[in-house]
Amino acid sequence: MNPDRFRPVIQAAAWFSLAAAGATLGLTGMSAAQQQPTATLPLPLQKNQTVYLDFPAPPDTIPVAQPDWDYFAWNSFIALNWPALEVVPNRARGVPDLSKTFATAANNDLGVWETFKEKREIFNHPNDAGQLTWYSPIDYGPLRKGSVSVTGRALLQNSGTSTANALDETVEVQSQALEKTYPDGRTPNPLFKAIPPVTTPRVWRGPPSAKNPIVYEVKLNYDYFNYVVSNGFNVDNTAKNNPVAVAAMAAKIHLPVRTSSASLPGPGPQSPVLNYRAGDAVGRFKLINYIYNSGLRRPLPLPPGQGSIQVKAAWLKLGGPEAKPSDFPTWHTAIAVNYISDEKGNPIPSEPTLFGLVGMHIIQRIHSTDPKNPGGKANPAGGTFVFATWEHESIFNSPVFGLPNQPKPTYFYSNFFLGQAVGGPPQKGFYPPLDQQAYPVVRQYPVLPPTKKVTAIFHDAIRKKNPKSVWLHYHLVGTQFQAVDLKPTPEAIVTPPNDPTLIRQPAFLANLAIETNLGLQFFKGQPPNIQVIQNFQNNGVSSNGNPVAFARDKANTSFASKAFNMGGCMGCHGIAQTKGYGFSFVLLDGYLGAVTDTQEHFDQPGANP
């Protein structure tokens, strides 16, 4: 490591690191409820529209307007994909390894986000929910079978993904069936008018195969973990009047927020991270690295406060059982396990197999800061959550609908149908058999040109450091930072342009590996049977009491006491917001959503009423 690279940060944050050390080294244990000391003399702010390739901490919250937000997204991607201190021997989680760099990382280096807690580590331990600690061995809890069973025409998954990583989701979220025909383009699709028209995609690279669907995982950072555990929200949420449900109904769930401002605009959420500076965070990481590498038998300080960060990742199996990371230099890889069903239908881990990262969401709760007045109050821009998503080039370069000279599709999807019989095939609860034609993955809206330009700037900076960097093969699809209202449209599938307010934000942000079918790429409005809590009804977001029909012109998100019918990621997560769960489907689903999916038994994420 070049010792001069962090010298300004070290000098400015040295006193903070020593103070943190004094506050931490005497501790004998690390409870989830411990809070972080914060610096009283914050460093100067970072600058907008700047590539921070050598900063292993999430950026300061200073975006004003695009392209600031796309720069913010990419700098967050750098921090979260920085090589991490290893979890084994379970002495560090969520901490970058400062002896390495982002641009020169090996394609199998464990990223910081990969050492966050997987959702089952938080929500699948209801009997000892309050005793969980951040620095702990990986423990997913008991393997519980998903509630939806696929029989007769099931897709068998016979081999799978990492010993340090376990990919537990096999399907995408529910959506409306908008495919008017079967993949042949001629046969009317009975799901289009089915009651309810609810489908769930499963995605493959190449034709459908039992061996190679995309699988998923959700990871959560320390701030999210600490908030949930400290408030007792990781209990069994099947019990009536459980703490998380009571808090949600009363609109009292406020995930931790990060801001570089000195204060929040009002009575803010619990334990906000104020005066955040990426430089201060690096100072804390330096201290943790020192203790980790010194062999001192002392507890590691907890990671610096960064606000709530949620990551959803999509993985694809690469090669056969003997595949090595060096065989796939353009992919970020992990040795992982996913799950298959035993003879009784119970989930069991597959053999460890090499997987490649094909898609990644980063969701952060921030309040933005006026770069000219950091001592003032923060601005809760947009919906206060920033959604950004990346794709590997193999799926990023999928054909775009309506554009000439497009490449042939290389990814395909089928829709699982869970509803009433519609008079013949498809039957209730099934995926089409493997020998049936599948829908090609086609992007419905092109990536906005300014976002492509920002990616090119970051790729150029990475290439100067390492022309063979694996991260040159990943592309930002877009960043959502502001709730906008999508006006009613005459037909379900007819939509306004992807940037109707001309703020260079994709209104229909979708990752082709994570939100694949038409219902997800055109998402807006409310799914069936959504009960909005009173707090958001007062803001104009009404419930959709219809048990079978999608209400595509209903508001789904609230911001600044106003209602918005938002599209894409923010609109979808707005469903969780207006049900009281702070834009977090993971928290909404909780224990119920912490099952272990196989290809035959799964839960549909974000589907709890």
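The values are calculated or read from the model by the stated rules, or taken from the named source; none is laboratory data. For clarity, every value in this text was computed on a predicted model and none was experimentally measured. Using ideal geometry, Cβ is built from the backbone for each residue, glycine included, and neighbour counts are taken over all protein chains shown.
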If you take the residues in the stretch 535-587 that are out of contact with any strand residue (DSSP E or B) (no Cβ under 8 Å at 6 or more places or on another chain) and part of a helix (DSSP H, G or I), which one is surrounded by the fewest Cβ atoms within 10 Å (Cβ to Cβ)? Gln537
Does the stretch 95-118 hold any residues that are closer than 19 Å to Asn75 by Cβ and outside any loop (DSSP other than H, G, I, E, B), and which are they? Pro96, Gly111, Val112, Trp113, Glu114
For a quick check of your reading of the model, give me the residue pairs whose first member lies in the stretch 579-596 and is polar (S, T, N, Q), whose second is part of a helix (DSSP H, G or I), with beta-carbon atoms closer than 7 Å and at least 6 apart or on different chains. Ser584/Ala576
Cβ-Cβ below 9 Å, separation at least six or inter-chain, first residue in the stretch 62-79 and of a type in the set (D, E, K, R), second part of a helix (DSSP H, G or I) and surrounded by fewer than 22 Cβ atoms within 10 Å (Cβ to Cβ): which pairs? Asp70/Pro450; Asp70/Lys453; Asp70/Thr455
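Sort through Asn221, Asn189 and tell me the only one that's of a type outside the set (A, V, I, L, M, F, W, C) and at pLDDT 90 or above.
Step by step, each of Asn221, Asn189 is checked, and only Asn221 is of a type outside the set (A, V, I, L, M, F, W, C) and at pLDDT 90 or above.
Given the structure, is Thr170 modelled with pLDDT under 90, closer than 24 Å to Leu318 by Cβ and of a type in the set (S, T, N, Q)?
yes
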Among the residues of the stretch 46-71, which ones are part of a helix (DSSP H, G or I) and touching a strand residue (DSSP E or B) at 6+ places or on another chain (Cβ under 7 Å)? Trp69, Asp70
The stretch 498-518: number of residues that are closer than 13 Å to Thr199 by Cβ and either under 19 Å from the mean Cα position of the chain (by Cα) or of a type in the set (Lys, Arg) (or both): 3
Number of the exception - Val229 against (1) modelled with pLDDT under 95; (2) closer than 30 Å to Pro303 by Cα; (3) more than 18 Å from the chain's Cα centre (by Cα): (1)
Verdict on Gly376 being of a type outside the set (A, V, I, L, M) and at pLDDT 90 or above: yes
Would you say Asn212 is polar (S, T, N, Q), surrounded by fewer than 19 Cβ atoms within 10 Å (Cβ to Cβ), more than 26 Å from Ser368 (Cα to Cα) and without any contact (Cβ under 8 Å) to a residue 40 or more places away in the chain? no
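Examine the stretch 228-246 for a residue that is on the phi < 0 side of the Ramachandran plot, in a loop (DSSP other than H, G, I, E, B) and aliphatic (A, V, I, L, M), and state whether such a residue exists.
Looking through the stretch 228-246, at least one residue is on the phi < 0 side of the Ramachandran plot, in a loop (DSSP other than H, G, I, E, B) and aliphatic (A, V, I, L, M).
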Go through the stretch 305-333 and count every residue that is over 30 Å from Ser260 (Cβ atoms), in contact with a helix residue (DSSP H, G or I) (Cβ under 7 Å, 6 or more places away or on another chain) and assigned to a strand (DSSP E or B). 1
Checking Ala92 against (1) assigned to a loop (DSSP other than H, G, I, E, B); (2) surrounded by fewer than 20 Cβ atoms within 10 Å (Cβ to Cβ); (3) at pLDDT below 95, which test does it fail? (2)
Please name all residue pairs, on different chains or six or more residues apart, with Cβ atoms under 7 Å, provided the first residue is in the stretch 392-404 and is of a type outside the set (Gly, Ala, Ser) and the second residue is surrounded by 13 or more Cβ atoms within 10 Å (Cβ to Cβ) and assigned to a helix (DSSP H, G or I). His392/His473; Glu393/His473
Would you mention how many residues in the stretch 182-209 are surrounded by fewer than 18 Cβ atoms within 10 Å (Cβ to Cβ), polar (S, T, N, Q) and either in contact (Cβ under 8 Å) with a residue 24 or more places away in the chain or in contact with an Asp or Glu (Cβ under 7 Å, 6 or more places away or on another chain) (or both)? 1
With the requirement that a residue be assigned to a helix (DSSP H, G or I), in contact (Cβ under 8 Å) with a residue 60 or more places away in the chain and either among the polar types (S, T, N, Q) or surrounded by fewer than 21 Cβ atoms within 10 Å (Cβ to Cβ) (or both), what does the stretch 428-461 give you? Pro450, Thr451, Lys453, Thr455, Ile457, Ala461
